[in-house]
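Below you'll find the structure, written out as structure tokens, and then a few comments.
Readers should treat all values here as calculations from the given coordinates under stated rules, not as data from a laboratory. Because the structure is predicted, anything quoted here is derived from the model rather than measured. Backbone-built Cβ (ideal geometry, glycine too); neighbour counts: all protein chains shown.
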């Protein structure tokens, strides 16, 4: 009886050990990335607005954004020759948003999902490379200040192409940016945000655009 119990215990230890090994092997990258941002956000190298608050702070329904999948949509900005996947953060936290920006640009969890319905989808991207960044999209929005009113860009999925036209370009501090994004919108809108000027997080470059055309692919 004792021998059988010992064999069962050994089997269970091996089973859970092997399961844990493969779980970490599959998800290790995400864990490492999140851990790195937890350490960064608690370090003196993080700006005060990141340590003490959020990248953005406006209310919305985070459950709506879960309708999207990471990489389901691509953001294409022909004016600055940029095409990048739109990543959906796994949770509504600064570290998750920053981690998502290592794989592309992040859609803000409290904003509206990308669709033809009235609502504001907010997309964040980096403008410069920081020492803690490990992705391939560190400068994806470095040329965003070149975007002007009237310029068009696209959000593309496997079966749809959405065309947006820029109607406003602003440079604001984080508090004013939050206030602007908290205003109601009458459009199906996509807003692009990056830090400004390059190498600084003191201001936000905000590019606001409304849906003007939808094409089925």
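When each of 144, 68 is scored by the number of other beta-carbon atoms lying within 10 Å, the sequence from fewest to most is 68, 144.
As a length-normalised measure over Cα pairs under 8 Å and 6 or more apart, the relative contact order of segment 63-114 settles at 36 percent. Taking the number of Cβ atoms within 10 Å of each Cβ as an exposure proxy, the fewest-first ranking of 152, 210, 117 is 117, 152, 210. When peptides 156-167, 77-88 are sorted by average Cβ neighbour count within 10 Å, with the highest value leading, the order is 77-88, 156-167. Going by neighbour counts of Cβ atoms within 10 Å, the residues 172, 147 line up, fewest first, as 172, 147.
Please work out whether segment 122-217 counts as rounded, prolate or oblate from its C-alpha gyration tensor, where a ≥ b ≥ c are the square roots of the eigenvalues and a/c under 1.5 means rounded, while otherwise a/b larger than b/c means prolate and anything else oblate? Oblate.
Projected label points at residue 212 and residue 139, each 7 Å from Cα along the beta carbon direction, are separated by 2.9 nanometres. Here's the picture: a label point sits 7 Å out from the Cα of residue 159 along the beta-carbon direction, and within segment 175-217 the residues with their amide nitrogen under 11 Å of it are 217.
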